[in-house]
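For reference, the structure discussed in these notes is given below.
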Amino acid sequence: MSSINTLRELITTGALGINPDTRVILGFEYSDDVHHYTDDYQEDVFRESGIIEMISEFLTTGVDKNMLNGKIKQAIQESEHIEREGYFVDAEGDEYGFDEACEKLGLTTDEDSDEDANWEEAYAQMTFVPDDISDAVIYDYYEFNLDTSLEQYDHKRGSFSITMNLETTAAELLETTYDFGNFQITLDTSVAYLKLK
């Protein structure tokens, strides 16, 4: 049984006083041995960790909207490392290219229209999912709720870690469609902290 299914069962039965308002702490960590004397070791670990793909999925599975209050969407909007290449997702989960999104929103797209104004309106009304967020995540990781650390074994070698900790409620967690199987899920109950496998 997955951790999310276990959580659903605990809420349904009311076991240990767990209810929809129970605080949930989600922890993710990825570590890799590195040669820290090179300039690109951080980029390699970010790319191998799967965190870039995970953050993209947060946009389309409700995690950013329901649990992070749009923090990822805001970080993408403010990043200088994001291009206007990608697609938009509406509240129903349907995907649109830029022109299709403008059409869906009733925005004018002829040669006299203001493309920047249309972009801002589409961005405000829908969720933009960039084709590539890797540079934004690598260089602005703190804006995406990530922490990093380097443990140096000696002057060349070490271990580089990427961590993400999210706090939410059981109800908010169950509203997303993301599979948190690679996260440690901890419930803050009235009697103890309960870690789900």
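Read-outs: derived from the displayed coordinates by stated rules, not from any lab. Remember, predicted model here, so these are calculated numbers, not experimental data. Neighbour counts are summed over all protein chains in view; Cβ atoms, including those assigned to glycine, are modelled from backbone coordinates with ideal geometry.
Please tell me which of these pairs span more than 28 angstrom C-alpha to C-alpha: Lys65/Lys197; Lys73/Lys156; Lys156/Lys195?
Working: Lys65/Lys197 25 Å; Lys73/Lys156 37 Å; Lys156/Lys195 36 Å.
As for pairs spanning more than 28 Å Cα to Cα, those are Lys73/Lys156; Lys156/Lys195.
Of all the C-alpha pairs in segment 84-131, what % are more than 14 Å from each other? Walk me through the numbers before you get to the answer.
Numbers: 460 of 1128 pairs.
Counting pairs separated by more than 14 Å, the tail of P(r) holds 41 percent.
Thr13 label point, 7 Å along Cα→Cβ, cut-off 20 Å on backbone N: hits in segment 143-186?
Within reach of a label on Thr13: 170-171, 174, 185-186.
Loop only per DSSP, at most 14 neighbouring Cβ atoms within 10 Å: give me the GluC sites (Glu not before Pro) in segment 57-159, ordered by residue number.
Glu80, Glu83, Glu85, Glu92, Glu111
What ranking do Asp140, Asp147, Asp110 get, fewest neighbouring Cβ atoms within 10 angstrom at the top?
Going from sparsest to densest Cβ surroundings: Asp110, Asp147, Asp140.
Under 5 Å between amide hydrogens, which residues at least 5 positions from Gly86 or on another chain qualify, with H placed 1.01 Å from N in the peptide plane?
Hits under the 5 Å cutoff: Asp131.
Identify, among Tyr142, Tyr193, Leu174, the residue whose Cα sits farthest towards the positive end of the charge dipole of segment 141-197, taking +1 on the Cβ of Lys and Arg and -1 on the Cβ of Asp and Glu, with the dipole about the Cα centre.
Farthest towards the positive pole: Tyr193.
Starting from 0 in steps of 5 Å, tell me what percent of the Cα-Cα pairs of the chain lands in each bin.
1, 7, 14, 15, 15, 14, 12, 10, 7, 4, 2, 1, 0
Per residue of segment 109-119, in order, report the coupling 6.51 cos²θ - 1.76 cosθ + 1.60 (Karplus, θ = phi - 60°) as ³J(HN,Hα) in whole Hz, putting x for Gly and Pro.
10, 6, 5, 8, 6, 8, 4, 5, 5, 5, 4
Asp21: net charge of surrounding residues, Cβ under 11 Å, Lys/Arg +1, Asp/Glu -1, itself excluded? Please report the intermediate quantities before stating the final value.
Details: positive: Arg23; negative: Glu172, Asp188.
The answer is -1.
Once phi is turned into θ = phi - 60°, what whole-Hz ³J(HN,Hα) does the Karplus curve with 6.51, -1.76 and 1.60 give for every residue of segment 124-140, x standing for Gly and Pro?
Those phi angles translate into 6, 8, 10, 9, 8, 10, x, 5, 9, 10, 4, 5, 4, 5, 5, 8, 10 Hz.
Among Phe128, Ala75, Val45, whose Cα projects farthest towards the positive end of the dipole of the chain, with charges put on the beta-carbon of Lys, Arg (+1) and Asp, Glu (-1)?
Going by the Cα projections, it comes out as Val45.
Using the Cβ atoms and a cut-off under 12 Å, what net charge is assigned to the surroundings of Thr38, where Lys and Arg are +1 and Asp and Glu are -1? Before the final figure, lay out the partial values.
Numbers: positive: Lys156, Arg157; negative: Asp39, Asp40, Glu43, Asp44.
Overall, the nearby charge balance is -2.
Return the distance in nm (one decimal) between the two label points of a simple spin-label model at Asn182 and Asp147, each offset 7 Å from Cα along Cα→Cβ.
2.0 nm
With charges only on Cβ, +1 for K and R and -1 for D and E, what is the dipole size of segment 18-71 about its Cα centre, in debye, rounded to 20? Mind dumping the intermediate values first?
On the way: 4 positive and 12 negative charges, 110 e Å.
For segment 18-71, the charge dipole is close to 520 debye.
Give me the extension gain from Glu100 to Asp116: residue separation times 0.36 nm, minus the current Cα-Cα distance, reported in nm with one decimal. Display every interim value, and only then the final one.
Values: separation 16, 0.36 × 16 = 5.76 nm, distance 1.54 nm.
Here the segment from Glu100 to Asp116 would lengthen by 4.2 nm.
If I model a spin label as a point 7 Å beyond the Cα along the Cα-Cβ vector, how far apart are those points for Glu48 and Asp21 in nm?
Reported label-point gap for Glu48 and Asp21 is 4.5 nm.
Which loop-located trypsin sites (Lys or Arg not before Pro) does segment 89-188 contain, where loop means any DSSP state but H, G, I, E or B and the Cβ has at most 11 other Cβ atoms within 10 Å?
Lys156
Between Ser2 and Lys71, with labels modelled 7 Å along Cα→Cβ, what's the label distance in nm to one decimal, could you check?
Result: 2.3 nm between the two label points.
Residues with amide H under 5 Å of Thr169's amide H, sequence separation 5 or more or different chain, H placed in the peptide plane at 1.01 Å from N; which?
Val24
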